[in-house]
Amino acid sequence: MLVTIHSSRPIGGSITAPPSKSMAHRAVLCAALATGSSHITNLEFSKDISATLAAAGHLCARVTTGPADAVVEGLGRFAPLTAPVDCCESGSTLRFLIPIASLTGQEVTFTGRGRLMERPQSVYETLYREQDLRFEQTSAGLTVEGALTPGEYRLAGNVSSQFISGLLFALPLLDGDSTLHLIPPVESRSYIDMTRAVQAAFGVTSRWLDGNTLALPGRQHYHPCDHAVEGDYSQAAFPAVLGAVCGGVTVTGLSPDTLQGDAVILDLLRRCGAQFTREGDTVTFAKAPLHGVDIDLADCPDLGPVLMVLGLLCEGTTVIRNAERLRLKESDRIAAMEAELRACGGVLESEGGTITVHGCAEHLHAPEGILHGHNDHRVVMSLAVLSAAAGLPLTVDDAEAIQKSWPNFFAAIRPLGVEVEYA
């Protein structure tokens, strides 16, 4: 899908943050692992969440969806598998389900699209091989077979927290206690605690023994419950950056008591000089001069692309550190954003996981040709923010990538004065 994005009037208006994709994944899986019916409300049926719902229906639940909700009836058992489990392009779906698959007593094959099967799973591969379990990954799919055993688990704390969350889902159901020893530094801790919080709502608990060690009592059971998904700070970052640059933007639906690590976007914007007020779940931005800052991305990697756009629109230099994981997402997000921002006159460079962005708002210009979305939802949405904030008409391909996380993104930003024309 090819879209042309431009501003039809001065930027301003109100937008509601979509439901948290991270929280929704977790709630769906906890509900599926329970015995009985759970009602999950405030759902956005993005491709990622649809993949998790379909996988739950494939493995151990009956799923009935409404306009923005789902009833997930956990069967209390695993169904016989006759086909692979399709994770689409969702890394969360795949990594959360791999340990759960070990509970089924069956050979389980996962398939996916895009770069999903290229994304590293070495943490699980090592654990499975240590327990003499089957783990086979190719470009066509990933197959596991055999039951994980309760006990002591050691894994690096600076890998994706999705591996840790996957074990958190499965290990408490085993017939014995387990301990996760995370080799420091432990990054994305907020995502681990998000998993634990949703599990606790469904009756499964764990506890930190110290800053690097999690105790997971065994013989636990998930219990059905009704769960409302809160608004998504990682998606709200797009209109928030737009509001910080242009002013006049209000973002609603953001819980002030969230565990989401990407809520740090508000602190980062404040450090850059952004002016905003907060009342309950509503944040309103006023126009203010912005300046570059030093940003540690270790606990909030999903913010990387839009922060690169922000850096171009700040005075001075923005340095984004610990961004290595951006290279292993739906695209190499560092290379993708560098290429597209440079086509618009952006000045930035990277070395490894450090990105240096030079403020150059007055030198930005419309590109000579089409920009590429790299089949990456966060790249496409970040380019839309650049277009609106800098007043640049941009034509972007692969725009359908927004279906992965925020299908209504283009419709949602229209009331802010952002026009989207479909080719």
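Screening region 1-115 for helices (runs of 4 or more DSSP H) wholly inside it with 2 or more residues that are free of Cβ contacts under 8 Å to residues at least 24 places away in the same chain and open to solvent by less than 30 Å² (accessible area, probe 1.4 Å) returns no ranges.
The residue that is farthest from the chain's Cα centre (by Cα), counting only those in region 319-346 that are surrounded by fewer than 19 Cβ atoms within 10 Å (Cβ to Cβ) and closer than 22 Å to residue 366 by Cα, is 345. What about residue 142, is it more than 21 Å from residue 213 (Cα to Cα) and open to solvent by 20 Å² or more (accessible area, probe 1.4 Å)? Answer is no for this residue.
Close contacts from region 354-382, counting a first residue that is without any contact (Cβ under 8 Å) to a residue 40 or more places away in the chain and a second that is assigned to a helix (DSSP H, G or I) and acidic (Asp, Glu), with Cβ to Cβ under 7 Å and a gap of 6+ residues or different chains, come to 371/340; 372/340.
Restricting 316, 304, 369 to residues that are open to solvent by 30 Å² or more (accessible area, probe 1.4 Å), under 20 Å from residue 269 (Cα atoms) and not polar (S, T, N, Q) narrows the list to 316. Go through the residues of region 176-186 one by one and say whether even a single one is closer than 22 Å to residue 94 by Cα and modelled with pLDDT under 95. Within region 176-186, one or more residues are closer than 22 Å to residue 94 by Cα and modelled with pLDDT under 95. May I ask you to list the residues in region 378-393 that are aliphatic (A, V, I, L, M) and surrounded by fewer than 24 Cβ atoms within 10 Å (Cβ to Cβ)? Those that are aliphatic (A, V, I, L, M) and surrounded by fewer than 24 Cβ atoms within 10 Å (Cβ to Cβ): 389, 390, 392.
One residue stands out among those in region 364-423 that are charged (D, E, K, R) and in a loop (DSSP other than H, G, I, E, B): the one that is nearest to residue 18 (Cα to Cα), which is 376.
Scanning region 146-189 for residues that are surrounded by fewer than 19 Cβ atoms within 10 Å (Cβ to Cβ), under 22 Å from residue 304 (Cα atoms) and of a type in the set (S, T, N, Q) yields a total of 1. Considered as a group, the residues in region 127-139 that are open to solvent by 30 Å² or more (accessible area, probe 1.4 Å) and not in a loop (DSSP other than H, G, I, E, B) include one that is farthest from residue 101 (Cα to Cα), and that residue is 130. Note on region 88-111: residues that are among the charged types (D, E, K, R) and farther than 17 Å from residue 167 by Cα total 2.
The values are calculated or read from the model by the stated rules, or taken from the named source; none is laboratory data. Every value quoted in this text rests on a predicted model; they were computed, and no experiment measured them. Virtual Cβ from ideal backbone geometry, glycine too; neighbours counted across all protein chains shown. With ligands, DNA and RNA removed, areas are computed over all heavy atoms of the protein, side chains included. Shrake-Rupley method; radii C 1.70, N 1.55, O 1.52, S 1.80 Å.
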